[in-house]
Amino acid sequence: MKRTSKKKTALPTALITGFAPFAGEAINPSLEIARALDGETIAGHRIVGAELPTEFARSLRALDALIAKHRPSLVLALGQAGGRSEISLERVAINLVDARIADNAGAQPVDAPVVENAPNAYFSTLPLKAMLTRLHDAGIPAALSHSAGTFVCNQVFFGLVHRLATQYPRTRGGFVHVPYLPQQAARFANAPSMALETMIEAVRLGLETALTTRDDLHFAAGTTH
Ligand code: PCA
């Protein structure tokens with residue numbers, strides 16, 4: 001009798017999320033990156049790239065469903081930060097929503113916590129300085145950032161790290177903001193941008209570093225203001 005049990009040892013997964021276009025844009029580089037990396041294998045992990053709605057009410061529910069389904073060992077959420085010139089490795093998530101514009105469902109909450117009765121802030125649990133070094137070694141403009149803003153991206157970043165801290169302590173997670181694509185920046189005066197291929201490579205290298213680095217590097221990468 002033939003052996004039919006061909007159970008493959010499933011690879012662990014890493015989840016990358018990108019956001020739906022917002023603020024009148026037709027494209028969001030974070031979503032293009034997540035789509036491009038979906039299905040790749042990086043450092044022995046199967047990459048799941050998925051979309052989150054740019055909506056306060058639905059984004060964290062969508063994230064919850066993705067984490068419950070894929071049980072990733074690492075989660076990297078991505079978002080667009082129009083006006084920034086570098087890949088921003090976000091260090092701090094704050095428990096505050098203060099929306100300067102309405103989200104894609106028309107909601108504009110002001111001065112609300114992301115999670116009631118939770119800490120005021122969390123740090124990313126990714127090895128950001130090792131990731132920063134890897135990006136600089138590859139010639140990609142990148143910096144640590146100490147504010148992910150107070151819009152949907154910060155909400156997802158805070159909600160993610162809070163969930164990992166309270167429900168999934170063995171999963172690491174963090175957030176990376178990326179610049180406009182050139183075709184977005186072309187509509188504004190003096191707006192910085194980065195080519196999609198460069199951003200995809202940046203996230204690939206950052207993920208590979210995060211998945212293979214346990215202890216972060218220590219060197220000065222803070223800011224004076
Ligand atoms: N950037 C926004 C929300 C979605 C996105 O890609 C932000 O930085 O909050």
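The values are calculated or read from the model by the stated rules, or taken from the named source; none is laboratory data. Everything numeric in this text was worked out from a predicted model, so none of it was measured. Because the Cβ atoms are built from the backbone with ideal geometry, glycine has one as well, and the counts that use them run over all protein chains shown.
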query: Out of all the residues in the stretch 18-33, is one or more over 28 Å from residue 195 (Cβ atoms), within 11 Å of the ligand (Cβ to nearest atom) and outside any loop (DSSP other than H, G, I, E, B)?
result: no
query: Conditions: (1) among the polar types (S, T, N, Q); (2) closer than 30 Å to residue 205 by Cα; (3) in contact with a strand residue (DSSP E or B) (Cβ under 9 Å, 6 or more places away or on another chain). Residue 120 meets all but one. Number of the miss?
result: (2)
message: So in the stretch 16-30, with the set limited to residues that are crowded, with 16+ Cβ neighbours inside 10 Å and hydrophobic (A, V, I, L, M, F, W, C), which one is farthest from residue 182 (Cα to Cα)?
response: 16
field: Filter pass, residue 83 being in a strand (DSSP E or B) and closer than 25 Å to residue 185 by Cα
entry: no
query: From the list 132, 144, which one is crowded, with 18+ Cβ neighbours inside 10 Å, in a helix (DSSP H, G or I) and more than 11 Å from the ligand (Cβ to nearest atom)?
result: 132
query: Of the residues 151, 158, 123, which single one is modelled with pLDDT of 95 or more, farther than 23 Å from residue 38 by Cα and away from the ligand (no atom under 16 Å from the Cβ)?
result: 123
Whichever residue in the stretch 47-79 is in contact with an Asp or Glu (Cβ under 8 Å, 6 or more places away or on another chain) and closer than 17 Å to residue 200 by Cβ and, among such residues, is surrounded by the most Cβ atoms within 10 Å (Cβ to Cβ): 47
query: In the set 93, 102, which member is of a type in the set (A, V, I, L, M), within 14 Å of the ligand (Cβ to nearest atom) and more than 19 Å from residue 77 (Cβ to Cβ)?
result: 102
- prompt: Just checking, which of 50, 57 is more than 21 Å from residue 168 (Cα to Cα), aliphatic (A, V, I, L, M), touching a residue at least 24 places away in the same chain (Cβ under 8 Å) and not in a loop (DSSP other than H, G, I, E, B)?
  reply: 57
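Just to be sure before I move on: is residue 206 away from the ligand (no atom under 16 Å from the Cβ), assigned to a helix (DSSP H, G or I), surrounded by 19 or more Cβ atoms within 10 Å (Cβ to Cβ) and small (Gly, Ala, Ser) in the structure I sent?
yes
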Criterion: free of Cβ contacts under 8 Å to residues at least 24 places away in the same chain, surrounded by 13 or more Cβ atoms within 10 Å (Cβ to Cβ), assigned to a loop (DSSP other than H, G, I, E, B) and of a type in the set (Gly, Ala, Ser) - qualifying residue of 118, 102, 107: 102
- prompt: Would it be correct to say that residue 63 is away from the ligand (no atom under 14 Å from the Cβ), touching a residue at least 24 places away in the same chain (Cβ under 8 Å), outside any loop (DSSP other than H, G, I, E, B) and closer than 21 Å to residue 160 by Cα?
  reply: no
